[in-house]
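The values are calculated or read from the model by the stated rules, or taken from the named source; none is laboratory data. Because the structure is predicted, anything quoted here is derived from the model rather than measured. Neighbour counts run over all protein chains shown; Cβ positions are idealised from the backbone, glycine included.
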Amino acid sequence: MTTASTDKPDNYYFRFHSPHLHLNSVFGNDWFALKAESFARFFGTPVFLVAQSVLVAIWIGSNVVGVTKFDVYPFILLNLAFSLQAAYAAPLILLAQTRQADRDKVHADADAQHREALALAGEQRQTLAAQQTTQLTELVQQNTQLTELIRDLSQRIETLTIEMHGKVVQGEARG
């Protein structure tokens, strides 16, 4: 697909980003990497926070009321579960943030290259426009000179025609 105004491919303007496509996936592209990334992204969602809060409330409520007795107050097993969750979540989140920062930097550099290329193209267009303006000015001057030359020649032809007419009329009057 091409754009209407430039007839260039849609991805033409992303050519500066192409060398950095390998950074798009935070953890790589294999099955584990994709699951780890989705897991790290899920930690900050409202769904996760609400679900975890509901689970903790059920856990504490069932142990306090006496429905179950597998983790009575001070909820050591629950603390262990939170510690285990934090042990896995923190590195995943930090890794995701670090790689995202790297991707953001690379994309910012690619955007800067794109802006630089656009600025260079703009300068080239301005230079070309200045050259064309100079050429047009020269052509207008040449046209003006040719017009003046045609006027002078037309005046000379008129003068010669008048002279010839006068001589022809005098020749007919004599004869």
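Could you tell me whether the stretch 101-111 includes any residue that is charged (D, E, K, R), assigned to a helix (DSSP H, G or I) and in contact with a helix residue (DSSP H, G or I) (Cβ under 7 Å, 6 or more places away or on another chain)? Yes; the residues of the stretch 101-111 include at least one that is charged (D, E, K, R), assigned to a helix (DSSP H, G or I) and in contact with a helix residue (DSSP H, G or I) (Cβ under 7 Å, 6 or more places away or on another chain). Screening Pro74 against (1) without any contact (Cβ under 8 Å) to a residue 12 or more places away in the chain; (2) part of a helix (DSSP H, G or I) leaves a single unmet condition, (2).
I'd like to check something: does the stretch 85-93 contain any residue that is in a helix (DSSP H, G or I) and aromatic (Phe, Trp, Tyr)? Yes, the stretch 85-93 contains a residue that is in a helix (DSSP H, G or I) and aromatic (Phe, Trp, Tyr). Just checking, does the stretch 79-88 include any residue being surrounded by 15 or more Cβ atoms within 10 Å (Cβ to Cβ) and in contact (Cβ under 8 Å) with a residue 12 or more places away in the chain? No: the stretch 79-88 contains no residue that is surrounded by 15 or more Cβ atoms within 10 Å (Cβ to Cβ) and in contact (Cβ under 8 Å) with a residue 12 or more places away in the chain. For the stretch 80-127, a residue qualifies if it is more than 30 Å from Trp59 (Cβ to Cβ), more than 23 Å from the chain's Cα centre (by Cα) and modelled with pLDDT of 90 or more, and exactly one does: Thr127.
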